[in-house]
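What follows is a short report on a single structure.
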Amino acid sequence: MCTFMVLETIEYYKSRGSNVHVVLLDASKAFDRVNYIKLFDKLLNKGMCPLTVRLLLNMYTKQKLQVKWNNRLSLKFDVTNGVRQGGVLSPLLFLVSMLMIC
């Protein structure tokens, strides 16, 4: 649906003689790339309540993951970056991290 709308919009402006420029952003792995230590440090420096930042830090530090594939479990490994996919706060944390880049 999204591709259709983009193509229709491009065609609309091209048919009227306008130049069309498109910028695309692949954010498919974006949640995995957020450096949450830097994010929480910036939130603290921007005046967020230290107790809230501490709570977030406790939620995100010392995380361990394990992968199950073909009914076999991998060894546990540390998670060093990324916000939780499917987490209630994750979209907000991702948005804040993107806004801090600008």
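The values are calculated or read from the model by the stated rules, or taken from the named source; none is laboratory data. Being a predicted model, the structure only gives us computed values, none of them experimental. Note: ideal-geometry Cβ built from the backbone for every residue, glycine included; neighbour counts use all protein chains shown.
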>> Go through (1) over 15 Å from Met98 (Cβ atoms); (2) modelled with pLDDT under 85; (3) not hydrophobic (A, V, I, L, M, F, W, C) for Tyr60 and report which single condition fails.
In response: (2)
> Quick one: in the stretch 7-39, which of the residues that are among the hydrophobic types (A, V, I, L, M, F, W, C) and at pLDDT 90 or above is nearest to Gly82 (Cα to Cα)?
Replying inline: Leu7
> If you go through the stretch 56-88 one residue at a time, how many are in contact with a helix residue (DSSP H, G or I) (Cβ under 8 Å, 6 or more places away or on another chain) and closer than 14 Å to Leu43 by Cβ?
Replying inline: 4
> What are the residue pairs meeting all of these: first residue in the stretch 79-102, first residue surrounded by 12 or more Cβ atoms within 10 Å (Cβ to Cβ), second residue among the basic types (Lys, Arg) and not in a loop (DSSP other than H, G, I, E, B), Cβ atoms under 6 Å, and 6 or more apart or on different chains?
Replying inline: Met100/Lys42
